[in-house]
Ligand code: COA
Ligand code: ZN
């Protein structure tokens, strides 16, 4: 009988709103406002911020100012700056800005890979081999995000065996960390627990991050299932912004402040100052020009108390 994994007492939060959040917004957030916002986020105790992506500006016009953003933000000890990168050209642009981490992106399914990146998973792996070479001696941490790892909006089920084979190939290439992404909120907690158990058992030394979208309201339940399997690293997006512009039906990530609130309520240490994070979350509607799905910023923390109604 397998031993029960203890639920971790500490987790790390990787804030992805400046990348996953902004890439799908209707409004271009001016570079100075992005910088101010990321600087505010980096004082809240987040372990890592995915600040932008070095993708084709034609594909993702909202992040066409990637280099200016990375060069403009304050770098703080203990807060790694990561950027999403799809290919060698993006890697070269990212390395020129002295990022701490590059987050390579590929799909677990052919059709999403072609729609999003114009590459099959095999073609992405070829790019990654060249990228690992290019990063030698740079000291940059190389993570890879596997989109559609829990289901593809075009193809449906993505078999777990396929995901495990791709993870194996990524690790063989020298990729140091892997993020399993539920790109369009198709995962359920039982599926999440199963895949997390499988990867943690096979690759106990590899840092795995889980990236959930709340498209069908299962984001926090999926994060809980991953945590119960022993996962300690989570992507999340302030306000619950986010979504892939090339995945039909995509909508926001699991909301950072709601995730931090859940962990805090369970006495799990995220290192994040929730009050400070909520203050930054409250500025979002002004920054992006509309209301956001996050719930705790509206309801207040579960410790909030009301005066009894007067009779
Ligand atoms: N950064 C900047 N420009 C890039 C680039 C990068 N990383 N990669 C390619 N380009 C430019 C090329 O220089 C070329 O420019 P030109 O037309 O002026 O000559 C143009 O983009 C086309 O290059 P090509 O290599 O043929 O790329 P493509 O058109 O097949 O697009 C990607 C492939 C991966 C670059 C593009 O699909 C992309 O950036 N996708 C990002 C998707 C994404 O971020 N999705 C959301 C996150 S999951
Ligand atoms: Zn995402």
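Observations, loosely collected:
- For the chain, the relative contact order works out to 21 percent when only alpha carbon pairs closer than 8 Å and six or more residues apart are counted.
- Rounded to 5, percent antiparallel among DSSP beta bridges of region 164-308: 10 percent
- Distance in nm between pseudo-label sites at residue 295 and residue 56 (7 Å out along the Cβ direction from Cα): 3.9 nm
- Ranking of 304, 75 by count of other Cβ atoms within 10 Å, fewest first: 304, 75
- Per-pair calculated FRET efficiency, R0 = 45 Å: residue 276 and residue 114 via Cβ, rounded to 0.05: 0.65
- Here the contact order of region 37-136, divided by its residue count and restricted to Cα pairs under 8 Å and six or more residues apart, works out to 23 percent.
- Label point of residue 266 set 7 angstrom out along Cα-Cβ; within region 216-243, amide nitrogens under 16 Å from it belong to 218-236.
- Going by neighbour counts of Cβ atoms within 10 Å, the residues 106, 218, 308 line up, fewest first, as 308, 218, 106.
- Relative contact order for region 206-311, counting Cα pairs under 8 Å that sit 6 or more residues apart, in percent: 24 percent
- Viscosity 1.002 mPa s, 20 °C: Kirkwood-radius Stokes-Einstein D of region 12-299 over Cα pairs, µm²/s: 116 µm²/s
- Residue 64/residue 137 FRET efficiency (R0 41 Å; Cβ-Cβ; nearest 0.05): 0.90
- Considering helices alone, the calculated mean residue ellipticity of the chain at 222 nm is -10500 deg cm²/dmol, with DSSP H runs of length four and up weighted by -39500 (n - 2.57) and normalised per residue.
- For the pair residue 203 and residue 221, the difference between a 0.36 nm per residue extended length and the Cα-Cα distance amounts to 4.1 nm.
- Most mobile listed residue (286, 43, 183) in the chain, GNM with C-alpha springs under 10 Å: 286
- Taking every DSSP bridge with both residues inside the chain, close to 5 percent are antiparallel.
- Sequence of 13, 288 once ranked by neighbouring C-beta atoms within 10 Å, starting from the fewest: 288, 13
No lab work stands behind these numbers, since they all come straight from the coordinates. Since the model is a prediction, treat every value here as computed from it, not as a measurement. All Cβ positions, glycine included, derive from the backbone under ideal geometry; neighbour counts span all protein chains shown.
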